[in-house]
Amino acid sequence: MKTLIFLLFAMISMGYMACSFDTSGFSEQGTNNNTCGNSVVEGSEQCDGVAIPETCIDRGFTGGITGCDHCVIDVSQCTSFCGECETGSSRCLDNQVLQCINDGTGCGLWQVGEDCDTEYCQEVELGAFCSTTCADQCEEGLTGCSPDFSKTEGCSPVVSGENLCLVWRTLDSCNENEQCRPIDGEAQCVVSCAGVCAEGEEACSEDTFARLICVIDATGCTSWEESACPTENHCVENESGGTECSCALCNVGEEQCSQDLSSIMTCQSYGTVCSRWELSDTCNLEEYEFCSVQGIAAQCAKMGDSCDSVYPVNSIPYQIQLMDFEVNFANSISLSDPTCGGPLANSNDIAFSVDLVSGETIRVLRLSGPDVSIKILRTCSDDSPCQAFADNDLIFTAFESGNYIIVVERDGPGTGNLNLGITYTTSLCTSGEEEPNDSMVESNEYPGPHSVWCSTISSGTDTDCVQVEIGATGYILEAYTTDIYWEDQCPGDTYLMLYDSVGNVVAQNDNGGVGGDCAQLMPTIKPVLMDLAPGTYHLCVNHASQTESIDGVATHINVITTPSTFVDVDFDLACPPPGWQGMPLPTDANWTCVSPGTGRRMAASIDETGYVDLLTQTFDVTGMSTLILTMDHQLDGFNAVSQISGNILIKPQGESPIPVWSAMVDVNPLTPGIWDLSSFITGLSQVQIIFRLEASISVPASGNWEIDNVRVVGY
């Protein structure tokens, strides 16, 4: 596995390039034409110099940066893992050993592990280390980019005694507006293109006083070039989709509302062919009047007093004081649907409208005045269902983008002015559901590898489903439910089910999470989630008994794209594996290879006081939050009388072992097991796992422990 990681790193992730260029597989027109080299993408060219229209994502990779090699897209700096590197790998740079650690989200981050100082950094198949001898790390002339694309790196010689060694060194740091890219076979610092527009695209300036035309500038990037319109002219879109300067801005006689709906604008003519919008009337905001359009005519009318004329909230935060609320607003809205908490008799009310984006959370708060009931709906009518309701203070998260209605009703005694505020607040949600999503076929789109997808279980039978994408190499999946505002609280009795692409149940859980009612699918309790095959999966959540609704459920989705496999041992291939060691103390027993007829295993027996240890190779858990051990094992002769036990320990380098698990019960036959070691690795770096067979007292008894298919995965 380490060999594979190192080769991927050397050949793909860092993208070091030889000076030659292989043109096989490309047409002559794409790589050798008269226009290649003028920094403008033309004809069959894929790119030209720093004019590179495609990203690594466009080419099917997960990260990195594209380059251009003789007008053909260069993907040597593109990567297929999360972060800067593959966790667990290492390399040499500037005579330092760089270790790829977990950044806490499952992605890789380069960190200096050791400065070789007077020694030499060496790279071998298993990784990098400091050595007293110097060896070539690369081929002379190769160049590459640093993982953050802020520096260029190159292979250059250093003197070691009478010999020269080729090593990786930092060559140059890019300026603030530059990035390292592979250009024509060489890593270079080039001006970064923002890609603000497409060449030839046209638009109007924000104030409409100028036309904007997208051009390729001197750096090879696209930018807007401004062309001012003549006096009394404005930029307008024409019938062909382009722009032009015109003094005829509207059809004479038409009316429209101002952008804030506070006034009426009328199209009036001037000159011979010109027209413009001019103020013709101002609405009385103190009487809650706003402008609305009926056909080509506009009018000022009182808003908010009924579902037919909701009061527009054009920006948030928003505050309004409703003078003499019970006098100026009638009881014109009576919400009768059970989801609204029941109608309020003889209650004055007002209806607001607000546009929300999926995942946005607002708070509607009575700041002063009479008590009120606050209700959120998608459409305003007496029989409309409510999305949420509360007294005086309501927090609401939109699970779909669109327009929402806020109805505020006086609830109980109290007179005078009503002061209301609407603000944005925070929730755990990064995205929200879009109905219908009640089955696999209707699953919402994949929200991303580290996301909190929020939904509402609108009825007892409602099920909400979302897609989960598992990439080409197979990933680890974690999923669990919580309240949408507080991760340590549960909104109701949720149930999670994971289906594969054809509808087979992969994993399911009820009551395994927060508060005993929320659900969780974790690889520490569902080993199948550690080895998901590539493909599209469907994660569905509902009420466990399918009898109740839940106002808001946050489903946390964590797809680990680059887990580190520290140990993956099948003793049929190597027994004992390289780096493993047995330590009998003080008995004469030891771990040995056995062949029970179904392949080889490691086994140990004991019949006297003492213990016998089997240690894995050392591995680095720096930055890891999760560490999982799985293996098949068989225990014979284990009980409280014999005082013979099987034990698992973690041994930090230079420190005493930490007990993790102990058993004095037989496990027979060979049985799969899983151990969550996560709580034992906080603050640790270099560790080994110990399998210990121990006898506490000397009795006429013996115990035997066999293990196989040992795997340790961290992220």
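The values are calculated or read from the model by the stated rules, or taken from the named source; none is laboratory data. Bear in mind that the values here come from a model prediction, so they are computed numbers and not experimental data. Neighbour counts run over all protein chains shown; Cβ positions are idealised from the backbone, glycine included. With ligands, DNA and RNA removed, areas are computed over all heavy atoms of the protein, side chains included. Shrake-Rupley method; radii C 1.70, N 1.55, O 1.52, S 1.80 Å.
Checked against (1) surrounded by 15 or more Cβ atoms within 10 Å (Cβ to Cβ); (2) touching a Cys at 6+ places or on another chain (Cβ under 6 Å); (3) modelled with pLDDT of 85 or more; (4) over 16 Å from E206 (Cβ atoms), S258 passes all but a single condition, namely (2). Residues that are closer than 11 Å to R410 by Cβ and assigned to a loop (DSSP other than H, G, I, E, B) within region 314-329 comprise just one, F329.
With the condition kept exactly as written, say whether any residue in region 293-315 is in contact (Cβ under 8 Å) with a residue 40 or more places away in the chain, under 30 Å from V354 (Cβ atoms), surrounded by 13 or more Cβ atoms within 10 Å (Cβ to Cβ) and β-branched (V, I, T). Looking for residues that are in contact (Cβ under 8 Å) with a residue 40 or more places away in the chain, under 30 Å from V354 (Cβ atoms), surrounded by 13 or more Cβ atoms within 10 Å (Cβ to Cβ) and β-branched (V, I, T), one finds at least one in region 293-315, hence yes.
Of the residues making up region 351-360, those that are in contact with a strand residue (DSSP E or B) (Cβ under 6 Å, 6 or more places away or on another chain) and at pLDDT below 90 are S358, G359. Where strands (runs of 3 or more DSSP E) fall entirely within region 464-536, those with at least 3 residues that are under 18 Å from the mean Cα position of the chain (by Cα) are at 476-482.
Every condition in (1) assigned to a loop (DSSP other than H, G, I, E, B); (2) within 48 Å of the chain's Cα centre (by Cα) is met by T272 except one, and the failing one is (2).
Checking E434, E409, E400 one by one, the residue that is of a type in the set (D, E, K, R) and outside any loop (DSSP other than H, G, I, E, B) is E409 and no other.
Checked against (1) open to solvent by 50 Å² or more (accessible area, probe 1.4 Å); (2) closer than 17 Å to C145 by Cα; (3) without any contact (Cβ under 8 Å) to a residue 24 or more places away in the chain, Q111 meets all criteria but (3).
Reported count of residues in region 635-657, each being open to solvent by less than 30 Å² (accessible area, probe 1.4 Å), in a strand (DSSP E or B) and either of a type in the set (S, T, N, Q) or over 21 Å from E706 (Cβ atoms) (or both), is 4.
Residues checked against (1) touching a strand residue (DSSP E or B) at 6+ places or on another chain (Cβ under 8 Å); (2) open to solvent by 50 Å² or more (accessible area, probe 1.4 Å); (3) part of a strand (DSSP E or B):
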residue: V660; (1), (2), (3): yes, no, yes
residue: G673; (1), (2), (3): yes, no, yes
residue: T682; (1), (2), (3): no, yes, no
residue: E694; (1), (2), (3): yes, yes, yes
residue: N704; (1), (2), (3): yes, no, yes
residue: N709; (1), (2), (3): yes, yes, yes
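Just checking, does region 281-290 include any residue being at pLDDT 90 or above, open to solvent by less than 70 Å² (accessible area, probe 1.4 Å) and either over 47 Å from the mean Cα position of the chain (by Cα) or closer than 29 Å to P53 by Cβ (or both)? No, the conditions are met nowhere in region 281-290.
Apart from one condition, I476 fits all of (1) of a type in the set (A, V, I, L, M); (2) more than 26 Å from E435 (Cβ to Cβ); (3) open to solvent by 40 Å² or more (accessible area, probe 1.4 Å); (4) in contact with a Phe, Trp or Tyr (Cβ under 8 Å, 6 or more places away or on another chain); the exception is (3).
Here is a check on your reading of the model: is Q319 touching a residue at least 12 places away in the same chain (Cβ under 8 Å), exposed (fewer than 15 other Cβ atoms within 10 Å of the Cβ) and polar (S, T, N, Q)? Judged against the criteria, Q319 is a match. What are the residues in region 362-386 that are hydroxyl-bearing (S, T, Y), part of a strand (DSSP E or B) and at pLDDT 90 or above, if any? Correct list: S373 only. The residue list T555, T562, T547 contains one member that is more than 26 Å from Y715 (Cα to Cα) and in contact (Cβ under 8 Å) with a residue 60 or more places away in the chain, which is T547. For region 237-250, the criterion of being part of a loop (DSSP other than H, G, I, E, B), open to solvent by 50 Å² or more (accessible area, probe 1.4 Å), farther than 26 Å from V40 by Cα and in contact with a Ser or Thr (Cβ under 7 Å, 6 or more places away or on another chain) is satisfied by at least one residue.
Per the listing S427, S443, S451, the residue uniquely out of contact with any Ser or Thr (no Cβ under 6 Å at 6 or more places or on another chain), under 18 Å from S358 (Cα atoms) and surrounded by 15 or more Cβ atoms within 10 Å (Cβ to Cβ) is S443. Each residue in region 430-440 was checked for being charged (D, E, K, R), closer than 30 Å to Y318 by Cβ and open to solvent by 60 Å² or more (accessible area, probe 1.4 Å), and 2 of them qualify. Restricting E226, E153, E244 to those that are in contact with a strand residue (DSSP E or B) (Cβ under 7 Å, 6 or more places away or on another chain), modelled with pLDDT of 90 or more and under 25 Å from D69 (Cα atoms) reduces the list to E153.
Going through (1) out of contact with any Leu (no Cβ under 7 Å at 6 or more places or on another chain); (2) over 22 Å from V327 (Cβ atoms); (3) not in a loop (DSSP other than H, G, I, E, B) one by one, F352 falls short only on (2). Which one is nearest to G304 (Cα to Cα) among residues in region 351-382 that are of a type in the set (S, T, Y) and open to solvent by 10 Å² or more (accessible area, probe 1.4 Å)? Only one residue fits best here, namely S353.
Filter region 662-671 down to the residues that are open to solvent by 20 Å² or more (accessible area, probe 1.4 Å) and among the aliphatic types (A, V, I, L, M), then identify the one that is farthest from V641 (Cα to Cα). Ranking the candidates gives L670 first.
One residue stands out among those in region 116-169 that are among the charged types (D, E, K, R) and farther than 26 Å from Q77 by Cα: the one that is surrounded by the most Cβ atoms within 10 Å (Cβ to Cβ), which is E119. So which residues in region 493-530 are open to solvent by less than 20 Å² (accessible area, probe 1.4 Å) and under 19 Å from D438 (Cβ atoms), if there are any at all? Hits for region 493-530 are T494, L496, L498, A519. Across region 170-203, which residue is most open to solvent (accessible area, probe 1.4 Å) among those that are of a type in the set (G, A, S) and in a loop (DSSP other than H, G, I, E, B)? Per the criteria, the residue is A194.
Confirm whether T461 is over 29 Å from G104 (Cα atoms), of a type outside the set (D, E, K, R) and open to solvent by less than 50 Å² (accessible area, probe 1.4 Å).
Criteria not met by T461.
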